[in-house]
Amino acid sequence: MEMVDLGHLMAFDPTHQFSSLSSSREELVENCLQKGRELVQAVANALFSLPSTEDLDGPIVKLPPPTKKRPRVKHVKSHCLVCYYWHREHIVS
């Protein structure tokens, strides 16, 4: 059951589980790629179902507002960035 959030142009499946433990890394990668293709196709299908207007460059759609809150949506405080850069320059070097 894919859930599509066109506001963020993303899709996810909260109920997805691998059917069994993969016997090899290649099998795990193939399973991940297959699920990724399904999710990308769900986003594409949802985009093409939106009403569009024609432009010289082609059809244009207006994306709806996001429906899910992404993790790390909060802004980083400027003093945290200053501490990070100071630490990186003086301690790590």
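The values are calculated or read from the model by the stated rules, or taken from the named source; none is laboratory data. Please read all numbers here as calculations on a predicted model, not as lab measurements. Here the Cβ positions follow ideal geometry from the backbone for every residue, glycine too, while neighbour counts run over all protein chains shown. Surface areas here come from the heavy atoms of the whole protein model, side chains and all, with no ligands, DNA or RNA. Shrake-Rupley method; radii C 1.70, N 1.55, O 1.52, S 1.80 Å.
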Residue satisfying all of: in the stretch 1-19; charged (D, E, K, R) and under 14 Å from Lys35 (Cβ atoms); most open to solvent (accessible area, probe 1.4 Å) among these
Glu2
Filter the stretch 19-41 down to the residues that are aliphatic (A, V, I, L, M) and modelled with pLDDT of 85 or more, then identify the one that is farthest from the chain's Cα centre (by Cα).
Val29
Consider only pairs whose beta carbons are under 6 Å apart and that are at least six residues apart or on different chains; among these, list those whose first residue lies in the stretch 43-64 and is in a helix (DSSP H, G or I) and whose second residue is modelled with pLDDT of 90 or more and open to solvent by less than 80 Å² (accessible area, probe 1.4 Å).
Val43/Val4; Val43/Ala11; Ala46/Val4; Ala46/Leu6
Looking for something open to solvent by 70 Å² or more (accessible area, probe 1.4 Å), farther than 18 Å from Pro64 by Cα and out of contact with any helix residue (DSSP H, G or I) (no Cβ under 8 Å at 6 or more places or on another chain) - is there at least one such residue anywhere in the stretch 44-52?
no
